[in-house]
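Shown next, in structure tokens, is the structure this report addresses.
The values are calculated or read from the model by the stated rules, or taken from the named source; none is laboratory data. Computed from a prediction, not measured in an experiment: that's the story for all the values here. Here the Cβ positions follow ideal geometry from the backbone for every residue, glycine too, while neighbour counts run over all protein chains shown. Accessible surface is based on the protein model in full, side chains and every heavy atom, while ligands, DNA and RNA are left aside. Shrake-Rupley method; radii C 1.70, N 1.55, O 1.52, S 1.80 Å.
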Amino acid sequence: MTLSVFCILLFAALLHASWNAIVKSGSDKLYSAIAVSGSAALIALILLPFSPQPTLASVPYLAVSCALQVVYTVLVAKTYQVSDMSQTYPLMRGTAPLLVALISVLILGDSLSGVAWGGIAVICLSILAMAFNGRTQSRKGIWLALINSGFIAGYTLVDGTGVRLAGSALGYTLWTFFLNGFCLLFWAMLVRRQQVTRYLLVTWKKGIPGGIGTMGSYGLALWAMTQAPLAVVAALRETSILFGVLIAFVLLKEQVAGLRIVAACGIAAGAVLLRLS
């Protein structure tokens with residue numbers, strides 16, 4: 001992996017941690033996620049006329065990715081209703097890169113060096129250590145998180161293939177966020193119109209930077225998928241948890257100690273291994 005791709009992926013991870021912090025700070029996690037997705041859809045709609053359009057070959061992948069990501073977003077909110085986010089979020093994000101690595105190598109034909117496998121393993125194990133740092137509060141939450149990791153791996157693999165066929169990472173990214181945001185808003189207006197409308201009117205100022213953050217984060221990751229193996233990109237993207245720990249410590253004044261510090265160092269070490277692969 002080149003140094004430029006590596007640095008761009010780390011910046012994408014920082015953006016991912018930033019927009020997740022915006023969602024986490026919301027009084028309702030689902031409505032906050034809808035606000036971020038809706039803002040991203042609006043930005044995408046404005047930019048689409050000025051962007052190269054993806055090829056027709058990538059359209060089926062856009063459709064499947066949209067369905068997977070809508071289910072993923074709703075399932076995330078359900079997971080957080082029954083369990084602690086500090087445990088289930090790392091569990092979702094730590095399991096998914098390993099699934100992506102196995103499927104991309106066994107089915108899609110990607111190849112990984114031993115060093116790359118080592119870096120992916122170190123990052124996944126470090127993230128999972130964060131997930132199990134403390135007493136398990138909800139078995140249902142753990143199962144939902146593991147199921148959701150499958151959806152994360154699914155849309156990562158689908159988008160990784162689709163963006164390679166699209167001919168334009170920018171066009172594919174904009175259509176991805178427009179479709180996802182539109183579908184989420186459409187669903188929300190059907191089932192919870194009054195509550196969602198009231199929430200969006202109050203919190204739209206947070207939704208806009210969140211929309212920019214999520215689009216920038218995943219857009220850069222999609223571009224990187226055209227330059228490097230999907231498994232490496234997926235694993236490096238999860239260094240967002242390292243940035244999340246730093247944000248929690250510096251900005252949110254949360255206590256970070258013990259196993260979380262060790263796990264954060266492990267994520268950093270895994271990122272170095274991937275850079276050397």
> For the chain, which whole percent of the accessible surface, found with a 1.4 angstrom probe, sits on carbon and sulfur atoms?
Replying inline: 71 percent
> How much length is gained if the chain between Leu125 and Val272 is pulled fully straight, taking 0.36 nm per residue apart and subtracting their Cα-Cα distance, in nm to one decimal?
Replying inline: 51.4 nm
>> Between the range 136-184 and the range 42-112, what is the separation of their alpha carbon centroids in Å?
In response: 1 Å
>> At a 10 angstrom cut-off on C-beta neighbours, averaged per residue, how do the peptides 3-9, 179-185 rank from highest to lowest?
In response: 179-185, 3-9
> How far is it, in nm, from the label point at Leu165 to the one at Gln81 when both lie 7 Å from their Cα along the line to the Cβ?
Replying inline: 3.5 nm
> What order, most packed first, do the peptides 228-241, 155-168 have when packing is the mean number of other Cβ atoms within 10 Å of each residue?
Replying inline: 228-241, 155-168
> What does the helix-only formula give at 222 nm for the chain: each DSSP H stretch with n ≥ 4 adding -39500 (n - 2.57), the total divided by the residues, and the result rounded to the nearest 500 deg cm²/dmol?
Replying inline: -28500 deg cm²/dmol
>> I'd like to check one number: the per residue accessible area of the range 1-67, probe 1.4 Å, reported in Å² as a whole number.
In response: 46 Å²
>> Students often check this: by mean Cβ neighbours within 10 Å, which of 43-50, 100-107 ranks highest, and how do the rest follow?
In response: 100-107, 43-50
>> Connecting C-alpha atoms closer than 10 Å in a GNM of the chain, tell me which of Leu108, Leu15, Leu75 has the biggest fluctuation.
In response: Leu108
